[in-house]
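Okay, so here's the structure we're looking at.
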Amino acid sequence: MGQEKTTLEIIAPTVDEAVSRGLEQLGINREAVDIEILDSGSKGLFGIGGRQARVRLVLKEPQAATPSGKKPDSIYESEKVPSDKAEISSEEDEVLRTSRETVKELLEKMKVFARVTAHYAEPEEQGAERQVMVDINGDDLSILIGRRTETLNALQYIASLIVSKELEQWVPLVIDIQGYRSRRTRQLQQLARRMAEQAVHTGKRQMLEPMPANERRIIHMELSSNGQVITESTGEEPNRKVTIIPKK
C-alpha cells in the first residue's frame with residue numbers, strides 16, 4: 001500500500017500569501033509541492049463582505065537518493081534567493097494587484113465597465129517613493145473625469161484610502177483615464193511657459209484660471225527653474241489660482 005502524502009491547508013487574504021505561508025511552514029520551495037486552490041477568495045468593497053483564500057499544498061514524492069546516499073537538495077532546501085528580496089517582490093505584486101482590483105470594483109459599482117491595469121511609475125528623482133499608476137481604458141469614459149477633473153480626483157482619493165487600508169500602509173496612487181493626465185500635464189506645462197513669457201514681456205503679473213492642487217503643482221514645478229518669474233497660489237479652495245509674477 002502506497003504511503004499517504006503529506007498535505008497542508010492554509011487560509012490567508014490572497015492565494016499567493018496562502019502559498020507563501022504554507023511553503024514557509026513546510027520549509028521547502030514551490031517546486032516541491034502540488035498546489036490546489038480550494039477557494040480563490042474575494043476582497044469585497046471597503047473591506048466588507050470579503051472572503052479569504054484557501055489552498056492545499058501536497059508534498060511531492062521525493063526523488064531517489066543519489067549514489068552517495070544524499071537526498072537531492074532541490075526539494076528540501078529553500079530557494080537560493082535572499083528572503084528579503086523575495087518578500088519585496090511579493091509585496092510589490094500585492095500592491096499592484098490590490099490597486100487594480102480596487103479601482104475595477106469601484107467602477108463596477110458605478111456601472112462603468114473598462115479595462116484596468118496597474119504599474120509603477122519611474123520616480124521623478126532618486127530616492128523618491130514610486131507611485132502606483134492605474135490606467136483606465138474603454139469607450140466614452142469622459143464621465144469619470146468631470147468638470148476640472150473633480151470626478152477623477154475624487155475616484156483617485158477614494159481608491160487611495162481603500163488600498164492603503166487594505167494593505168495597512170500608505171500607497172501613492174494615481175489614476176489616469178485613457179492618458180488624460182499625461183495630456184493635461186503637457187498642456188499645463190505649455191500654458192505655464194507661455195504665460196511666463198507674457199509676464200516678462202508686459203511686466204505684469206498673470207493670473208491663471210482656478211485649478212485643483214495637483215494641477216497648480218505642475219505650474220509651480222514647470223517654472224521653478226525660470227529665473228525671470230516667481231509663482232504663488234492665491235485665493236480659497238475650490239477657486240485657488242496660480243499667479244505668475246515677473247521679477248524686477
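Some values worked out for this structure:
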item	result
Single unsatisfied condition, Gln228 versus (1) in contact with a helix residue (DSSP H, G or I) (Cβ under 6 Å, 6 or more places away or on another chain); (2) surrounded by 15 or more Cβ atoms within 10 Å (Cβ to Cβ)	(2)
Gly235 vs. criteria loosely packed, with under 15 Cβ neighbours inside 10 Å, over 30 Å from Leu141 (Cβ atoms) and modelled with pLDDT under 90	yes
Complete set of residues in the stretch 208-225 that are surrounded by 14 or more Cβ atoms within 10 Å (Cβ to Cβ) and not charged (D, E, K, R)	Leu208, Pro210, Met211, Pro212, Asn214, Ile218, Ile219, His220, Met221, Leu223
Residue in the stretch 102-114 that is assigned to a loop (DSSP other than H, G, I, E, B), under 16 Å from the mean Cα position of the chain (by Cα) and over 20 Å from Arg216 (Cα atoms) present	no
Residue match in the stretch 52-73 (condition: at pLDDT below 80, closer than 30 Å to Asp176 by Cβ, in the same structural domain as Val15 (by TED's automatic domain parsing) and not basic (Lys, Arg))	yes
Strands (runs of 3 or more DSSP E) wholly inside the stretch 140-248 that include at least 3 residues being of a type outside the set (S, T, N, Q) and out of contact with any Pro (no Cβ under 8 Å at 6 or more places or on another chain)	173-177, 241-246
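The values are calculated or read from the model by the stated rules, or taken from the named source; none is laboratory data. All values derive from a computational prediction rather than experimental measurement. Because the Cβ atoms are built from the backbone with ideal geometry, glycine has one as well, and the counts that use them run over all protein chains shown.
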